[in-house]
Each structure stands twice: as structure tokens, then as C-alpha cells.
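Colleague: Mind looking over this structure? Questions follow.
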Amino acid sequence: MEARRGQGGQGAPDSVDTPDGFGVAVVREEGKWRCSPLSAKALTSLRAAETELRELRSAGAVFGLLDIDDEFFLVVRPAPSGTRLLLSDATAALDYDIAAEALETLDADIAPEDLEDSDPFEEGDLGVLSDIGLPEAVLSVILDETDLYADEQLGRIAREMGFADELSAILDRLDR
């Protein structure tokens, strides 16, 4: 399974298999935020991202922020009852397997031709972070800011929730 579909000739051969971007695990325990990097595999496989996040085994809230090629992002929040997801741009499923995997996990029945004829739109749970500080309405406003790249939208989420410094420190370590 490739990270990006139908994009031959762009960048180095490895860029087809591993998209540019970052994955960050965010944990809130005892009122404090902690961020840590996820592996590159988390950018190509939703299952890998879920597994890494579940392995953190925190008593507090755990979620992942995945920026794929600065084109779109995923919020992944594993829970005992099942993983909650938000895909910032469902049309990315035309080009990225991880986005298609997210739509499949969300049970979104969207025909490829409908995606081709559509402007970008989010799919999933807008309330994925509402219980830990980011109301649905605020997340919706961030998603509507289509002039921002995915990493900038994730930065806005971090600022709204209060872990912008922690996220920035991780991104600096990752040279982002």
C-alpha cells in the first residue's frame, strides 16, 4: 500500500512511500500537556498510528495529530470503545491511502467520483477533542480556514488547547 497514489515523478522515489509531514502523540495527564513524536509509519498507516497511541497507556487523554504533506491532517483518538477520528479533507482519499483508510474506518460511504467533483471537506468526529478543551465550533472554524496549511491548522488547535509550546518543541526537534 502506498502513502500517495498516482503521483509518480514527484520528488525522490522514497517520497512516494513516505509523505512529508509529522505525527505527534499528545497526552494530558494531571493537567499537563506532553507531546512526543510518532514514527514515520504513522503517516502511512492509520492502524500503525492507533497502535503507537494505544501503547502510550496513559491514565489521561491521548490523541495523535498527523500532518500529511501539509495537505491534510488527521486527529486520531483511541478509546476502549473504538478510535475517534477527524479527517480534515476527505478528498485526500483520492491520493493518499491513509485518508482512504480513515474514510473506511469512519464507514463513510462516499463514491470516488463524488470526491473528485467536490471541494475539500472534513469527515469524522468534530467533537473528538471537545471534552479536553476544543469545542466543536472552534474546530469547525479552524477547518474552514482553507488558506492555512495543515501544519498551521494543527498549530491553531495546539494554541486553542494550550499545548502550542510543547508541540513547537517537538517540531523543532523534528526540523519542522
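Colleague: Residues that are closer than 19 Å to Glu152 by Cα and at pLDDT 95 or above: does segment 52-63 have at least one?
Modeller: yes
Colleague: Another one. For segment 14-41, what are the residues that are buried (at least 20 other Cβ atoms within 10 Å of the Cβ) and over 20 Å from Ser168 (Cβ atoms)?
Modeller: Across segment 14-41, the qualifying residue is only Pro19.
Colleague: Can you pull out every residue in segment 52-94 that is more than 16 Å from Gly21 (Cβ to Cβ) and acidic (Asp, Glu)?
Modeller: Glu55, the sole residue that qualifies.
Colleague: From the residues in segment 51-76 that are under 13 Å from the mean Cα position of the chain (by Cα) and charged (D, E, K, R), which one is surrounded by the most Cβ atoms within 10 Å (Cβ to Cβ)?
Modeller: By that ranking, first place goes to Asp67.
Colleague: Oh, and also: For segment 42-50, indicate whether the set of residues that are surrounded by fewer than 20 Cβ atoms within 10 Å (Cβ to Cβ) and either hydrophobic (A, V, I, L, M, F, W, C) or over 17 Å from the mean Cα position of the chain (by Cα) (or both) is non-empty.
Modeller: Within segment 42-50, one or more residues are surrounded by fewer than 20 Cβ atoms within 10 Å (Cβ to Cβ) and either hydrophobic (A, V, I, L, M, F, W, C) or over 17 Å from the mean Cα position of the chain (by Cα) (or both).
Colleague: Check Asp107, Asp131, Asp95 and return the single one that is surrounded by 18 or more Cβ atoms within 10 Å (Cβ to Cβ), under 22 Å from Glu50 (Cα atoms) and among the charged types (D, E, K, R).
Modeller: Asp95
Colleague: Identify the residue in segment 75-98 that is at pLDDT below 95 and aliphatic (A, V, I, L, M) and, among all such residues, is nearest to Val26 (Cα to Cα).
Modeller: In this case the residue turns out to be Ala79.
Colleague: Please list, ordered by residue number, the helices (runs of 4 or more DSSP H) wholly in segment 123-176 having 2 or more residues that are in contact with a Pro (Cβ under 9 Å, 6 or more places away or on another chain) and closer than 20 Å to Val27 by Cβ.
Modeller: Where helices (runs of 4 or more DSSP H) fall fully within segment 123-176 and carry at least 2 residues being in contact with a Pro (Cβ under 9 Å, 6 or more places away or on another chain) and closer than 20 Å to Val27 by Cβ, they are 164-173.
Colleague: Which residues, taken from segment 26-58, are more than 18 Å from Leu74 (Cβ to Cβ) and either in contact with a Lys or Arg (Cβ under 9 Å, 6 or more places away or on another chain) or aromatic (Phe, Trp, Tyr) (or both)?
Modeller: Of everything in segment 26-58, those that are more than 18 Å from Leu74 (Cβ to Cβ) and either in contact with a Lys or Arg (Cβ under 9 Å, 6 or more places away or on another chain) or aromatic (Phe, Trp, Tyr) (or both) turn out to be Arg28, Trp33, Arg34, Ser58.
The values are calculated or read from the model by the stated rules, or taken from the named source; none is laboratory data. Not measured: the values here are computed from a predicted model. Please note: Cβ atoms are built from the backbone with ideal geometry, for glycine as well, and neighbour counts cover all protein chains shown.
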